[in-house]
Amino acid sequence: MSDAKAAQQKNSWLLEGRVREKPSRTDTMLSNWEKRQAAKKAPKKTAEQKPSVPPGNLKNKKKDIDILVPKGPKWYPVDSTGRKRKAKKSQVKVRKSVQPGVVVILLRGKFAGRRAVVLKTLPSGTALIIGPSSWNGVPLRRVNPAFIIATSTKIDISSVKIPDNVNDSLFKRPKAVFSGKSEEQFFAVKPKPKKVPTPERTAAQKIIEDALVSVLEKHDASLKNYLRSRFSLSSGQYPHLLKF
C-alpha cells in the first residue's frame with residue numbers, strides 16, 4: 001500500500017457519508033506528512049559559521065546584534081578600577097564689552113539695579129567693579145560677568161592706579177576654625193555676626209575710590225546723576241529693545 005493511501009486511511013468514516021476531517025484539513029495533513037518524509041530522506045547539512053555582517057548593511061536587527069555585539073561578562077568588580085583624570089584648567093573667556101572704564105548695570109545681589117564702573121578683569125574671570133560707594137553705595141567688589149549689562153558709556157580710568165594686592169585672594173573670607181562646644185554653648189541662641197571687610201580691602205577701596213572720584217568730577221554733572229540713578233523698567237519698555 002502506498003504512503004498516500006496510508007495517509008488517507010487516517011481519515012476514518014464516522015457515519016454513512018460523513019468523514020472525521022474535512023477535505024481541506026485532509027489535504028493539509030497530507031502535505032505536512034509528505035514534507036516530513038522528504039526531510040528525513042534529505043542529507044543533513046553541516047553547521048556553517050555565520051559570516052560577519054558589516055554595520056552598514058544590516059538586514060535583520062536581531063541577527064546582526066547577535067553577531068556584532070559581544071556578550072558582556074557575568075561578573076564585575078565591586079570597586080571601580082578606572083583611573084582618575086586631572087581636571088584641565090582652561091583660560092576664562094570674558095565678553096569684549098566688559099572692558100576697564102565701562103559703566104555696567106548690576107542684575108543680581110544686594111546692589112541689583114545699581115550702576116558701577118569696571119576696573120579690570122581678575123584671573124578667576126570675574127569683573128572688579130566699584131560704584132564709587134560715596135555716590136551710589138556700591139563698594140569695591142567682584143561680580144560674575146554673566147549678571148551685568150555693559151552700557152555704551154565708557155570713562156578713561158588710565159590714571160587710576162590699582163594696588164597690586166587687589167586680586168582674588170583679597171576677597172576670600174577666612175575659614176572658621178571649629179572648636180569643641182559644651183551642650184549649653186551648642187544650644188545657645190547667638191546673633192549672626194555681621195560680614196565686615198578686612199582692613200586690607202578697606203584700605204584698597206579708599207585708594208581706588210579717591211582716584212576715581214577725582215576723574216569723574218572732571219566730567220559733566222549728568223554723569224554723577226547717571227551713576228546715582230537706579231536702573232528700572234516702566235510699563236511698555238522691553239530690555240531686548242533698549243540700547244544701553
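The values are calculated or read from the model by the stated rules, or taken from the named source; none is laboratory data. Predicted, not measured: the structure shown is a model, and the values here were computed from it. Every residue, glycine as well, gets a Cβ built from its backbone with ideal geometry; the counts of neighbours run over all protein chains shown. For the accessible areas, the whole protein counts, side chains as well, though only heavy atoms, and no ligand, DNA or RNA atoms are used. Shrake-Rupley method; radii C 1.70, N 1.55, O 1.52, S 1.80 Å.
Structure notes:
- Amide H to amide H, with H built 1.01 Å from N, Arg141 comes under 5 Å of Ile129, counting only residues 5 or more places away or on other chains.
- Listed peptides 101-107, 195-201 appear in the order 101-107, 195-201 once ranked by packing, highest mean of other Cβ atoms within 10 Å at the front.
- Cα gyration tensor, segment 182-244 - rounded (a/c under 1.5), prolate or oblate: oblate
- Probing with 1.4 Å while keeping every protein chain in the model, the per residue accessible area of segment 114-162 equals 40 Å².
- Over all distinct Cα-Cα pairs of segment 102-221, the Kirkwood formula returns a hydrodynamic radius of 16.4 Å.
- Amide proton proximity set for Lys120, modelled H, under 5 Å, gap of 5+: Leu128
- Projected label points at Phe231 and Val196, each 7 Å from Cα along the beta carbon direction, are separated by 3.4 nanometres.
- Sequence-ordered 3J(HN,Hα) estimates for segment 140-152 from the Karplus curve with 6.51, -1.76 and 1.60 and θ = phi - 60° stand at 6, 7, 10, 9, 6, x, 6, 10, 9, 10, 7, 9, 7 Hz, glycine and proline given as x.
- Database remark: amide H of Val98 closer than 5 angstrom to no amide H (H placed geometrically; neighbours at sequence offset of 5 or more, or on other chains; Pro and chain starts carry no H).
- Table column - 3J(HN,Hα) (Hz), segment 111-124, Karplus curve with 6.51, -1.76, 1.60, x for Gly and Pro: 9, 4, x, 7, 9, 8, 10, 7, 9, 5, 10, 7, x, 6
- Environment charge at Val166 (Cβ cut-off 15 Å; Lys +1, Arg +1, Asp -1, Glu -1): +2
- Derived scalar couplings ³J(HN,Hα) [segment 236-244; Karplus, 6.51 cos²θ - 1.76 cosθ + 1.60; whole Hz; x for Gly, Pro]: x, 9, 10, x, 6, 9, 8, 10, 8
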